[in-house]
Amino acid sequence: MTGTQATIPAQQRRSGAARQMLLAFASLIALVIGFSLASPNFFQVSNIMAILQATSVNGVLAVGVTLIIITGGIDLSIGTLMTFCAVMTGVVLTWAGMPLILGVLTAIGTGAACGLVSGMFVARMKIPPFIATLGMMLMLKGLSLIVTGTKPIYFNDTPGFTQIAQGSVVGALIPGLPLPNGVLILFLVAAVTAWILGRTVLGRYTFALGSNEEAVRLSGVNTDAWKMAIYALAGGIVGIGGLLISSRLNSAQPALGLGYELEAIAAVVIGGTSLAGGRGTILGTLIGALIMSVLTNGLRVLSVAPEWQTVVTGAIIIVAVYADQLRRRKASQG
């Protein structure tokens, strides 16, 4: 195979992702303009900050699941994993009285460990990702309730914990711009993950596994080990999401989590990542997460009933998946 032939799939992948990203960005701008015209309360600094704060959690989860979807997999457990990471953080900080840094490491470590287990189910035991992560979702939901006795864990006696997500380093430096720390953490996580995807061996194998896992395996690569590493990395990122949401709520709510995975996956697909694997960008995922947050916030500002907000979210997921199928069909015909 010549060098030109080898680069054609990558060029097509980047071109398709770029087109979808531009379309998603145009949709985001259209939503912002539409809601701003519909309600004067939408385009206010306080409301924009609220949108960004909401995006910080969903965006981090979406960044994590982007890695898995690029490999051609799926992870339905990210919502309950986020909750379980928050619960374990509460155990370490509130019940054990450990320093804040240990709570942060516990959230990330718990997420990575659970992600590794999911990866083992998928890679070593050959359980389909949908079933493996569905089972993990239910197990983590039960574990969160068992560990806490179904009661929330509050962080009132942990100084500085709420500042992780709700504080504003930018606001302290630039008065009048109270950008929450949670948003900065989202941008940092996204930047590091984008660098991993674009500049490291792990990133190259992430795309390769989604494009043609069998070819990668036949070339002598230990695909099981790399897949487990990808799931572990995604789990660690989800752990950061657990840290952010518990900091926002100043508590670990054991019954929280279900439904977050759907919004995160929708954000990923809207951003141009293919559910068939092999294609996706972190920037596109961020745009998709912002679209979901803007839509939810805009409907709330317009006083749309919560049940109709859920209907709209479900419709968006269907449209996003259908659009992904159309892109794949067009690519295969081309």
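The values are calculated or read from the model by the stated rules, or taken from the named source; none is laboratory data. These numbers come from a predicted model, not from an experiment. Virtual Cβ from ideal backbone geometry, glycine too; neighbours counted across all protein chains shown. Side chains are part of the model used for accessible areas, which takes the heavy atoms of the whole protein and leaves out ligands, DNA and RNA. Shrake-Rupley method; radii C 1.70, N 1.55, O 1.52, S 1.80 Å.
Quick notes on this structure:
- Distance (nanometres) between label positions extended 7 Å along Cα→Cβ at Arg300 and Leu102: 3.5
- Protein accessible area in segment 43-324, 1.4 Å probe - carbon and sulfur %: 70
- Protection proxy ranking of 193-206, 27-40, by the mean of other Cβ atoms within 10 Å over each peptide's residues and highest first, is 193-206, 27-40.
- For the peptides 135-145, 260-270, 152-162, 86-96, the ranking by mean Cβ contacts within 10 Å, running from highest to lowest, is 260-270, 86-96, 135-145, 152-162.
- Ranking Asn58, Ala113, Ala132 by Cα position along the charge dipole of the chain, where only Lys, Arg, Asp and Glu carry charges on their C-beta atoms, puts Ala132 farthest toward the positive end.
- Mean projected area in nm² (Cα convex hull; one quarter of hull surface) for the chain: 18.1
- Overall dimensions of segment 211-334 by Cα: Rg and Dmax, Å: 17.7, 57
- Stretch gain in nm, segment Glu214-Val311, where the contour uses 0.36 nm per residue and the Cα spacing is subtracted: 31.0 nm
- Couplings 3J(HN,Hα) for segment 215-225, derived from phi with the Karplus relation 6.51 cos²θ - 1.76 cosθ + 1.60 (θ = phi - 60°), are 5, 5, 5, 5, 7, x, 7, 7, 5, 4, 5 Hz, where x marks Gly and Pro.
- Approximate spin-label separation Leu37-Trp195, in nm, with each point projected 7 Å along Cα-to-Cβ: 4.2
- Sites Tyr154 and Met125 - FRET efficiency at Förster radius 25 Å, r taken between beta-carbons, to 0.05: 0.05
- Taking 17 Å as the straight-line reach from the Cα of Lys151, the lysines in range (excluding those fewer than 8 positions away in the same chain) are Lys141.
- Over the chain, relative contact order from alpha-carbon pairs under 8 Å, at least 6 apart, %: 33
- Rounded to the nearest 500, the 222 nm mean residue ellipticity of the chain from helices alone is -25500 deg cm²/dmol, with -39,500 (n - 2.57) taken per DSSP H run of at least 4 residues.
- Partner aspartates and glutamates for Lys227 [C-alpha distance under 12 Å; skip if fewer than 8 residues away on the same chain]: Glu213
- Isotropic mean projected area of the C-alpha convex hull, segment 188-234 (nm²): 3.1
- Additional length obtainable on full extension of the chain from Ala255 to Gln44, 0.36 nm per residue less Cα span: 72.7 nm
- A crude spin-label estimate for the pair Gln163 and Leu326, with each label 7 Å from Cα along the Cβ direction, gives 4.9 nm.
- Value of relative contact order over segment 75-165, rounded to a whole percent, pairs C-alpha under 8 Å and six or more apart: 44
- Between the listed residues Ala86, Gly34, Leu179, the Cα displaced farthest toward the positive end of the dipole of the chain, a dipole computed from Cβ unit charges relative to the Cα centre, is found at Gly34.
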